[in-house]
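K.L.:
First the structure, then my questions, so here it is.
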Amino acid sequence: MDLIIQTICIYALPVIFAITLHEAAHAYVAKYLGDLTAYSQGRVSLNPMVHIDPVGTILIPVVLTVIYISTGTGLLFGYAKPVPVNYSNLKKPKRDMAWVALAGPMANLIMAFAWVLLAALIQKIQVQEEFFLSMAKFFMSMANAGLIVNLMMFAFNLFPIPPLDGGRILFSLLPHNLAYKFAQIEPYGFFIVIGLAMMNVLNFWMTPVMLAGNFLLSLFMYPFSLLLGAG
């Protein structure tokens, strides 16, 4: 039980920020591209409270974290309140749909980079006192959790099935006739994804995309590594 509580404490902030900032990014880009629907509802905000869904942001991640700790396997994910977007208000609806969709996963990649940078800074700081050493270990664990959670959300949301972001990006890229046929699977998309996850088929997508995201992070981190090493 202590391990479960400790793990929930470590993962709580990374999960909440990963989910809510993902949604805030959708809202911000939609506003920038001409749709004020989310803005009018106060969703262009970094305040987690306006994005949290009690089930998707708290209950499901906690349950899946407990399963992951108990079994060593499973998919860690959750969701916030969906950001309302009226695509017809966008400057170029079909094209801009892709940018709105891509904003969420890119926010997760940026957050993953922030957690990696935090971990590097913690490693750079030399502490001897037992209290500060234990705090450093806690925040290092939180940084590692932030990296994992955000890479998983980055990969999961890019899966090319609507209503996931990857599905909306693919819709935007397809020719009109194929795009609107493809959009017809959206009512069943979530069940398709859950089915693929239960059969472990989704791992064939998640693993390489997470590795690709991690590779991008290493490229972003390289100049900072040089600076920290020179300090």
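Read-outs throughout are calculated quantities, based only on the coordinates presented, and are distinct from any laboratory measurement. Note that the coordinates shown come from a computational prediction; the quantities given were computed from them, not determined experimentally. Here the Cβ positions follow ideal geometry from the backbone for every residue, glycine too, while neighbour counts run over all protein chains shown.
K.L.:
Would you pick out the residues in region 46-55 that are of a type in the set (A, V, I, L, M), surrounded by 16 or more Cβ atoms within 10 Å (Cβ to Cβ) and part of a loop (DSSP other than H, G, I, E, B)?
P.N.:
Correct list: I52 only.
K.L.:
Which one is surrounded by the most Cβ atoms within 10 Å (Cβ to Cβ) among residues in region 1-45 that are in contact with a Leu (Cβ under 7 Å, 6 or more places away or on another chain) and in a loop (DSSP other than H, G, I, E, B)?
P.N.:
Out of the qualifying residues, it is D35.
K.L.:
Sticking with this one: Which residues, counting only those in region 191-231, are aromatic (F, W, Y) and under 20 Å from the mean Cα position of the chain (by Cα)?
P.N.:
Hits for region 191-231 are F191, F204, W205, F215, F220.
K.L.:
Can you pull out the helices (runs of 4 or more DSSP H) entirely within region 76-185 that have at least 2 residues that are surrounded by fewer than 20 Cβ atoms within 10 Å (Cβ to Cβ)?
P.N.:
93-124, 130-157, 176-182
K.L.:
For region 168-182, give me the residue count where each residue is in contact with a Phe, Trp or Tyr (Cβ under 8 Å, 6 or more places away or on another chain) and more than 16 Å from D96 (Cα to Cα).
P.N.:
1
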